Amino acid sequence: MAKVLESVDQRTQLVGENRLELLLFRINATQLFAINVFKVKEVVKLPKLSALPGSHPSIKGVANIRGTSIPVIDLRAAIGFQPMNSDQEANLIITEYNRSVQGFMVGKVDHIINMTWSDIMPPPKSTGSHNYLTAITKVEVDGATRLVSIIDVEKVLAEIVHYDIAISDGVLDEALVGKMIGRKILIADDSATARRQVKDTLAPLGIEVIETSDGLQALKLLKRWCDEGRDINQEILMLITDAEMPEMDGYRLTYEVRNDKRMANLFITLNTSLSGSFNNAMVEKVGCDRFISKFQPDLLVDVVQERLRTQLPEQVN
């Protein structure tokens, strides 16, 4: 199993080139599922679990991995299927999301595939808003084309772990509170859960959040505004973008914005659940202004206030 992920650290050159790699796995006999390799720390056989009384029903217990206690989530149960049977072949995909480490109990782990984000499609609208997919794609497996469902892990975790959207005392700059009312922010994120978290934090401050579900949608909207003669920096306060999205990732989106002189100086914040050290390097590479981890309302408000402070002197003049 270690060979599946032995070269993960060498794969970072794919990001920024609108490419990704997916780890394929199964939670039942017929369907293929996937998550992005960059969120995977390790894959191991499911070890013996210790009970965690009072935990969420989808948490099967705690695994001790080299001295670290990791909560284990039954992914089958978490996305609405029957829980895995104890006699089924089970593996543990250990991931890091939003500064926390957790393990997802799955069945067989297949292999890693290399794809472009343009090959990744949003789930059909007919699936409704309650599905646990962030995207779908197609791959060749044993000579046949198979559909792969990419799990919206942020939605899964949000239903298990409570993410507070409240702003801590002392974070809000009272001199700026009134200046936020009526401001607009464009967000690009394929996870409806992540978009809602941003909106729920900023809307009470009077900020209007304009939502797009991938980088290409956001870029088309920005280009349309430019074609209509609008001043992007007057239209919106900033762009907040996820890193991973169908059609076009956040790194490519930033690159495209920076290379269009009509909006090259737009303030861009990368808001992602990927690891901080990796993203700090990518922020510098593609030209984002700030990087913040997801589901941190204080940091979200802080970056909004930082941007406001840079704009206010210009408006006074």
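The values are calculated or read from the model by the stated rules, or taken from the named source; none is laboratory data. Nothing here was measured: the structure is a model prediction, and the numbers come from that model. Virtual Cβ from ideal backbone geometry, glycine too; neighbours counted across all protein chains shown. With ligands, DNA and RNA removed, areas are computed over all heavy atoms of the protein, side chains included. Shrake-Rupley method; radii C 1.70, N 1.55, O 1.52, S 1.80 Å.
Annotations
- Scanning the range 124-152 for residues that are modelled with pLDDT under 85 and assigned to a loop (DSSP other than H, G, I, E, B) turns up 124, 128, 129, 130, 131, 142, 143.
- Subset of the range 186-222 (residues that are open to solvent by 40 Å² or more (accessible area, probe 1.4 Å) and of a type in the set (S, T, N, Q)): 217
- Of the residues making up the range 97-111, one or more are surrounded by fewer than 20 Cβ atoms within 10 Å (Cβ to Cβ), β-branched (Val, Ile, Thr), within 20 Å of the chain's Cα centre (by Cα) and outside any loop (DSSP other than H, G, I, E, B).
- One residue stands out in the range 208-245 among those that are touching a residue at least 12 places away in the same chain (Cβ under 8 Å) and of a type in the set (Asp, Glu): the one that is farthest from residue 182 (Cα to Cα), namely 244.
- Restricting attention to the range 161-186, the residues being in contact (Cβ under 8 Å) with a residue 60 or more places away in the chain and aliphatic (A, V, I, L, M) number 9.
- Index of the failed condition, residue 244 passing every other in (1) open to solvent by 30 Å² or more (accessible area, probe 1.4 Å); (2) charged (D, E, K, R); (3) modelled with pLDDT under 95: (1)
- Among the numbered conditions (1) more than 30 Å from residue 78 (Cβ to Cβ); (2) in contact with a Pro (Cβ under 9 Å, 6 or more places away or on another chain); (3) not charged (D, E, K, R), the only one that residue 175 does not meet is (2).
- Within the range 203-239, the set of residues being touching a Lys or Arg at 6+ places or on another chain (Cβ under 9 Å), among the small types (Gly, Ala, Ser) and under 20 Å from residue 191 (Cβ atoms) comprises 213, 215.
- Whenever a residue of the range 35-53 is over 23 Å from residue 117 (Cα atoms), its partners that are among the β-branched types (Val, Ile, Thr) and modelled with pLDDT under 90, lying with C-beta atoms within less than 6 angstrom and at least six residues away or across chains, give the pairs 43/4.
- Residue 278 at pLDDT below 95, in contact with a Leu (Cβ under 6 Å, 6 or more places away or on another chain) and either closer than 26 Å to residue 100 by Cα or in a loop (DSSP other than H, G, I, E, B) (or both): no
- Residues that are of a type in the set (Val, Ile, Thr), within 13 Å of residue 191 (Cα to Cα) and touching a Lys or Arg at 6+ places or on another chain (Cβ under 9 Å), drawn from the range 111-164: 134, 153
- Look at the range 287-311: where a residue is in a helix (DSSP H, G or I) and a partner is polar (S, T, N, Q), sitting 6+ places away or on another chain with Cβ atoms under 6 Å, you get 297/201; 298/168; 300/201; 303/269.
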